[in-house]
Amino acid sequence: MPAATKKKATAEEILAAAVGAVPGGSARPGQQAMVQAIEKAIKDREHLLVQAGTGTGKSLGYLTPALLVDGPVVVSTATLALQNQLVEHDLPRLAQAVEPVLGRRPTFAVLKGRHHYLCTAKLEHADEEAPTDTLFDSAPKTGQWLGEAGKLGKQIQRVRAWSEKTQTGDRDELTPGVDETAWRQVSMPARDCVGAARCPYGAECFAEASRVRAREADIVVTNHSLLAVDMLADRHIVPPHKLLVVDEAHELADRVSSAAQAELTPEAVERAGRRARTMIPPSAAEQMAAAADALTVGLADVPAGRLTNGLPEQLLLAVTQLEAATRSGLTAIGDVKSDDPDPVGKQQAKAVLDELSSTSQRLLEENAFDVAWVEKSDLGNGRRALVVAPLSVAGTLADNLYSDRTVVVTSATLTLGGRFDTVARSLGLPAATPGPEGTPASGDGWTSLDVGSPFDYPKQGILYVASHLPRPAMSGLPQAAGDELLKLVEALGGRTLGLFSSRKAALQAAELLRTKTDLPILLQGDETLPILVRKFREDKASCLFGVMSLWQGVDVPGDACQLVVIDRLPFPRPDEPLAAARSAAVDATGGSGFASVSVPIAAVRLAQGVGRLIRSTGDKGVVAVLDSRLETARGYGAFLRRSLPPFWYTTRQEVAIGALNRLAGS
């Protein structure tokens, strides 16, 4: 008799094995629903939006059905923290747990941008390039040069020693790391690379090796930035696949917008001129220098902000000069050939000129679908740039994200105002089709599912809105809001994460608490964020105050964080060029730019901030919003509240203070 055919493992069996390997793991209804929905989406070749609240275990929810897909499955994340969690913890544990069920050990690989990997060709010439690049790129004072050069040389020596041992060339594996200046000397941006076939070191290229590993793996973990570049490059970077999972999907549109953004700076023009000077005619080199000078003058004269009436005369002159100079230089360089004396150097020179040329042409076209603005740093480093970005990336996503694969989009914050419609539109999906009350939103080729959260939000947390406070007007922390903050923090005795709308407000809050209390106050910027979060977690009397990066980047379960304070609703600032341009475009068609653009942005940010409070089933606490508009604003106040987890809601100060007193006593 022929041998019995081994039964193929089911998603339920894989999930059971995976959950059993997690310490204290147990079946979660939301996780099971997610697995079933993804299986159905793959079978029906339909795209899926899944909102999975904190604690759902969504990683296993999408990795489980992924293991049953033929060929690589790509998982894209927005943050390095989640990428590391998947690669260093979730996937190794999953692979070991499901091996008996699958009859083989699943494989996985990480795919990063080319510049994350050591370039052997660049390393070979790093010592030659270091003085030139460091002297002009960083522009240190003359007295600093020898010390800076010595520090740079030591770092490159350490990289050289590491290069003889590393198997991957991945920068994240270099411990201790090196600074950006040193890494630029030994890495190669994708635009500068001649390709393995034309590079003398192609056979030992770490970046190419990472792509080979990705093509052979069951699960490929990448990031939204590289996924965006892949879409804009006709999908030639990420290996072919049938299933794409976009985790932290609320970040995707912004990452695509950033990838499609370009800029001109005087420093970049000067660097390009120096890099290409031996390969272009003297007249073109002189044009490049003149264009850099003109750009410097133009950026000094034009105030920061969106350019609503085309390029001002000074900038128009500079960009026109630059376009002509780069076009002349590119013609002189010609094609890069494998038998060129220095194909790597020639490709680098050609790449930087080509990028400047393309950006110049894009700015001169003044396309109605682009937004241009002048950017000036407020950090004191003197950075000035002329920037151009797409007004919307929904069309780009519609054209490039969904074809020839099933896409699963997931996040803890996909429903705004209780609906998927807004996020679906921003991701380029067709409009939702009206259906019966209570049914999941769906449209042509996609459907949605909210699997909820295992947390009992009404019992674990209170959302307190200080509706008695005046509507916030000026920047910074108003006195009334400061007094309210002080009462709340004193009632609990620390354990407070303060999320502020501006650096000024965070600084004022820290000064107030340091003056009025003896509590340890940690302020973002005083030390690195990981150190601040560790101190906050370890000292139960401490408070941590900061700005936007804290709204998503802090995970402190337990009683170390029992009060989250938000000073005002996180609407985009009026001087944010892209948000302002998108609002103006909606207004011009008779709609409300504020409702269509600003409110959804605030909803996502607010949900992310509020989500810092409850991180496990045992957590308890209070979210306090010191902006009365969340209660009093007609229309958008209720919309924003519906975008948040269902905490027990109150506007009474004594209720919030009483709850904090009880938490302090326990």
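The figures follow:
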{"quantity": "Viscosity 1.306 mPa s, temperature 10 °C, Stokes-Einstein D of region 139-276 from Kirkwood C-alpha radius, µm²/s", "calculated": "88 µm²/s"}
{"quantity": "Kirkwood hydrodynamic radius over Cα pairs of region 314-353, then Stokes diffusion coefficient at 20 °C and 1.002 mPa s, in µm²/s", "calculated": "192 µm²/s"}
{"quantity": "Long-range amide H partners of Gly493 with built H, under 5 Å", "calculated": "none"}
{"quantity": "Ser596, Ser542, ranked by accessible area, largest first (probe 1.4 Å)", "calculated": "Ser596, Ser542"}
{"quantity": "Cα-based Kirkwood hydrodynamic radius, region 426-582, one decimal, Å", "calculated": "18.2 Å"}
{"quantity": "When region 252-296 is reduced to its Cα atoms, the Kirkwood hydrodynamic radius in Å", "calculated": "11.9 Å"}
{"quantity": "For region 50-56, 3J(HN,Hα) per residue [Karplus equation, 6.51 cos²θ - 1.76 cosθ + 1.60, θ = phi - 60°, Hz, x = Gly/Pro]", "calculated": "10, 8, 10, x, 3, x, 5"}
{"quantity": "Ratio Rg/Rh [Cα only; Rh per Kirkwood] for region 507-594", "calculated": "1.14"}
{"quantity": "Accessible area (Å², 1.4 Å probe, nearest 10) - His115", "calculated": "90 Å²"}
{"quantity": "q = 0.09, 0.14, 0.15 Å⁻¹, region 335-491: log10 I(q)/I(0) [Debye, one scatterer per Cα]", "calculated": "-0.70, -1.09, -1.10"}
{"quantity": "Region 345-414, Rg to Rh (Cα coordinates; Rh as Kirkwood inverse mean 1/r)", "calculated": "1.11"}
{"quantity": "Given Lys112/Lys504; Lys122/Lys165; Lys350/Lys376, the pairs whose alpha carbons are separated by over 25 Å", "calculated": "Lys112/Lys504; Lys350/Lys376"}
{"quantity": "Debye intensity ratio in log₁₀ form over the Cα atoms of region 295-393, taken at each q of 0.12, 0.19 Å⁻¹", "calculated": "-0.49, -0.95"}
{"quantity": "Relative contact order of the chain, pairs being alpha-carbon contacts under 8 Å that are 6 or more residues apart, as %", "calculated": "16 percent"}
{"quantity": "Rounded Å value of the spacing that divides the Cα centres of region 573-620 and region 217-281", "calculated": "25 Å"}
{"quantity": "Residues whose placed amide H lies under 5 Å from that of Gly452, excluding near-sequence neighbours", "calculated": "Gly53"}
{"quantity": "Counting all C-alpha pairs of region 210-260, share separated by more than 13 Å (%)", "calculated": "58 percent"}
{"quantity": "Accessible-area order (highest first, 1.4 angstrom probe) of the listed residues Arg211, Arg171", "calculated": "Arg171, Arg211"}
{"quantity": "Relative counts (whole %) of C-alpha pair distances in region 452-529, using bins that are 10 Å wide", "calculated": "15, 45, 29, 12, 0"}
{"quantity": "Projected-area average for region 1-106 over all orientations - Cα convex hull basis, square nanometres", "calculated": "8.1 nm²"}
{"quantity": "Proximal lysines to Lys40, defined as alpha-carbon separation beneath 29 angstrom and excluding residues fewer than eight positions away on the same chain", "calculated": "Lys6, Lys7, Lys8, Lys58, Lys242"}
{"quantity": "DSSP H segments from the chain that extend 24 Å or more along their own axis, Cα-based, with Kyte-Doolittle mean of 0.0 or above", "calculated": "282-301, 313-333"}
{"quantity": "Alpha-carbon Debye profile of the chain, log10 I(q)/I(0) at 0.05, 0.07 Å⁻¹", "calculated": "-0.27, -0.53"}
{"quantity": "Cut-off under 5 Å, modelled amide H: who pairs with Thr222 long-range", "calculated": "Val75, Ser76, Thr77, Leu111"}
{"quantity": "Ser392 - accessible surface, heavy atoms, 1.4 Å probe, Å² rounded to 10", "calculated": "70 Å²"}
{"quantity": "Share, in percent, of DSSP beta bridges within the chain that are antiparallel, nearest 5", "calculated": "25 percent"}
{"quantity": "Ellipsoid equivalent to region 181-237 - semi-axes via the Cα gyration tensor, in Å", "calculated": "20, 16, 13"}
{"quantity": "Alpha carbon Rg of region 234-350, scaled by the compact-globule rule 2.2 N^0.38 Å", "calculated": "1.40"}
{"quantity": "Accessible area of Ser328 in the full protein assembly, 1.4 Å probe (Å², nearest 10)", "calculated": "40 Å²"}
{"quantity": "Region 307-392, relative contact order [Cα under 8 Å, separation at least 6], %", "calculated": "30 percent"}
{"quantity": "HN-Hα J in Hz across region 405-410 - Karplus 6.51, -1.76, 1.60, θ = phi - 60°, x for Gly and Pro", "calculated": "7, 8, 10, 10, 10, 9"}
{"quantity": "Linear extension gain, Asn84 paired with Ala595, 0.36 nm per residue minus alpha-carbon span", "calculated": "180.3 nm"}
{"quantity": "Per residue convex hull volume, Cα atoms of region 537-666, in Å³", "calculated": "113 Å³"}
{"quantity": "For region 518-666: relative contact order, % (alpha-carbon pairs under 8 angstrom, 6 or more apart)", "calculated": "23 percent"}
{"quantity": "Selected from Ala595, Gly618, Leu606, residue furthest toward positive end of dipole (region 567-637; charges at beta carbon)", "calculated": "Gly618"}
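The values are calculated or read from the model by the stated rules, or taken from the named source; none is laboratory data. These numbers come from a predicted model, not from an experiment. Cβ: placed from backbone, ideal geometry, glycine included. Neighbour counts: every protein chain shown. Heads up: the accessible areas ignore ligands, DNA and RNA and are worked out on the full protein's heavy atoms, side chains in. Shrake-Rupley method; radii C 1.70, N 1.55, O 1.52, S 1.80 Å.
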